[in-house]
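The values are calculated or read from the model by the stated rules, or taken from the named source; none is laboratory data. Nothing here was measured: the structure is a model prediction, and the numbers come from that model. Ideal geometry is used to build each Cβ from the backbone, glycine not excepted, and the neighbour counts take in all protein chains shown.
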Amino acid sequence: MTDNILIERPEAHPGVTVIRMNRLDKKNAITRDMYGQMALALAEADADDAIRAVVLSGGPGCFSSGNDLADFIQIAAAEGEAKNVIAFLHELARFTKPLLSAVDGIAIGVGVTMHMHCDLTFASTRTVFKTPFTDLAVVPEAGSSLLGPCIMGYQRAFAMLAMGRASPRRRPAKPV
Amino acid sequence: MTDNILIERPEAHPGVTVIRMNRLDKKNAITRDMYGQMALALAEADADDAIRAVVLSGGPGCFSSGNDLADFIQIAAAEGEAKNVIAFLHELARFTKPLLSAVDGIAIGVGVTMHMHCDLTFASTRTVFKTPFTDLAVVPEAGSSLLGPCIMGYQRAFAMLAMGRASPRRRPAKPV
Amino acid sequence: MTDNILIERPEAHPGVTVIRMNRLDKKNAITRDMYGQMALALAEADADDAIRAVVLSGGPGCFSSGNDLADFIQIAAAEGEAKNVIAFLHELARFTKPLLSAVDGIAIGVGVTMHMHCDLTFASTRTVFKTPFTDLAVVPEAGSSLLGPCIMGYQRAFAMLAMGRASPRRRPAKPV
């Protein structure tokens, strides 16, 4: 157990659980251990009558850079290693209470697609959502090829999920 | 029969029926009697070959504040009392001609959800749509939990129908 | 065989086929012959492993004014005359590779609806999309009554496909 995932119960908002990714030195890249902790926190919040809503969050300037790639390779290499990822995705999909997310800054890969399972997402104006699935030669994950077109229409979902276009689209910085 | 519902056939637009709510002293709160008259007007317009389109409308500054709550309690209290409401909703859903709506100002509850059955809604810039279902501890009505996500996407529909957020969102007025 | 349809393989973009309508003296009105050539080009691009994406395009200021009406009358008049149109629509619907379109200026009728089959459409700011189906007393074509609501929501699709409203809506020019 690490403190890479913080489970918070804000005093000012009884009934709310905040699941906060807290591995900022790695831009909140998500490991199997973190997936497992988030899955458990969701399951517990769903079962706890005192909890009425859950907020997924990250840190200032960084929601999540997505899967930890070193960890991801081990997931791909051995059977059974994906179980925490699958548990998290199942909890996202079957969560029965209002699920919100709060995003500031970097949101990559699963740091984008998990919001498609949320009832509402609040993003700061400096947030950039990007899913470089094609660059990594992987398919869109976490039900995003189903949910993306429902949320933003087929064409915009194609631009994001298949072409890897950032949203909002940022122009390359001008060379000095 | 009251004049709370006006059925208009504008001379300049032959072929158009305007169904206008006209109970402005009660902010166009809708009673069983008014539901019944609107249901009948829709059925007649649909059956009349001279009518090519119907417009649902209210008054200046007020489309409708939704169900008349005193009336609504009686509907809830006795079997059979909902028949006019149900008749109106059925007519909305099965109406076969272009159905439009014109909205200015207050639009609350069913004053919002009836537009989801319209082919087009024209709203003035000072219109505020709001569905306080959660505040009233009732579920979203009139097929809005199905139609809302189709029209505005799941997340915005959740904000409106489940959280009761006004659209467009108004900031609370500053205290003096 | 005419040069009304140009099949281009841009040197700077190997793997891309551009199908360009090039009948600018008739505002790229599409004839049976042109439908047939475009259907063939799509089928060949889909079967050619060297081709990775196709772009549908027109000329400067004019994507397409839609069906050539003289030709369209002949299609309606005789059995079998629609076969090239149908072949084109089938190729659009079953095309398996990324299909893009580039639009500048006039886009009318099927010059609008073919984009609904594309994964992405890039349109210049001076493009106007318009489908005057009701004016011509024809029904929305090319699957647009299904795809339109998926892309832009039911109400906007109704405004475009049933009411023939241009998008973006242009005000009539002021009389001098």
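Restricted to segment A:12-30, and to residues that are modelled with pLDDT of 95 or more and exposed (fewer than 13 other Cβ atoms within 10 Å of the Cβ), which residue is nearest to A:D46 (Cα to Cα)?
The extreme case among them is A:A12.
Report yes if A:E11 is touching a helix residue (DSSP H, G or I) at 6+ places or on another chain (Cβ under 7 Å) and in a loop (DSSP other than H, G, I, E, B), otherwise no.
The answer is no for A:E11.
Being within 21 Å of B:G153 (Cα to Cα) and in contact with a Gly (Cβ under 7 Å, 6 or more places away or on another chain) is the filter here, so list the residues in segment A:104-116 that pass it.
Within segment A:104-116, A:V110, A:G111, A:M116 meet the criteria.
Return the pair list, or none, for Cβ contacts closer than 7 Å from residues in segment A:144-168 that are closer than 13 Å to C:I151 by Cβ to residues that are among the aromatic types (F, W, Y), at least 6 apart or on different chains.
Correct list of pairs: A:C150/B:Y154.
Any residue in segment B:41-56 that's more than 12 Å from B:H13 (Cα to Cα): show its pairings with residues that are β-branched (V, I, T) and surrounded by fewer than 16 Cβ atoms within 10 Å (Cβ to Cβ) at Cβ separation under 9 Å, as long as the two are six or more apart or on different chains.
B:A41/B:I7; B:E44/B:I7; B:A45/B:I7; B:D46/B:T96
Being modelled with pLDDT under 95 and among the aromatic types (F, W, Y) is true for just one of C:F72, C:F129. Which residue is that?
Checking each option against the conditions leaves just C:F72.
Could you grab me the full set of residues in segment A:36-69 that are buried (at least 21 other Cβ atoms within 10 Å of the Cβ) and over 15 Å from the mean Cα position of the chain (by Cα)?
Correct list: A:A45 only.
If you go through segment A:1-46, how many residues are among the acidic types (D, E) and under 21 Å from A:C62 (Cβ atoms)?
Final tally of qualifying residues: 4.
B:F88: crowded, with 21+ Cβ neighbours inside 10 Å and farther than 20 Å from B:K130 by Cβ, yes or no?
Values: crowded, with 21+ Cβ neighbours inside 10 Å: yes; farther than 20 Å from B:K130 by Cβ: yes.
Considered against the rule, which asks whether it is crowded, with 21+ Cβ neighbours inside 10 Å and farther than 20 Å from B:K130 by Cβ, B:F88 comes out as yes.
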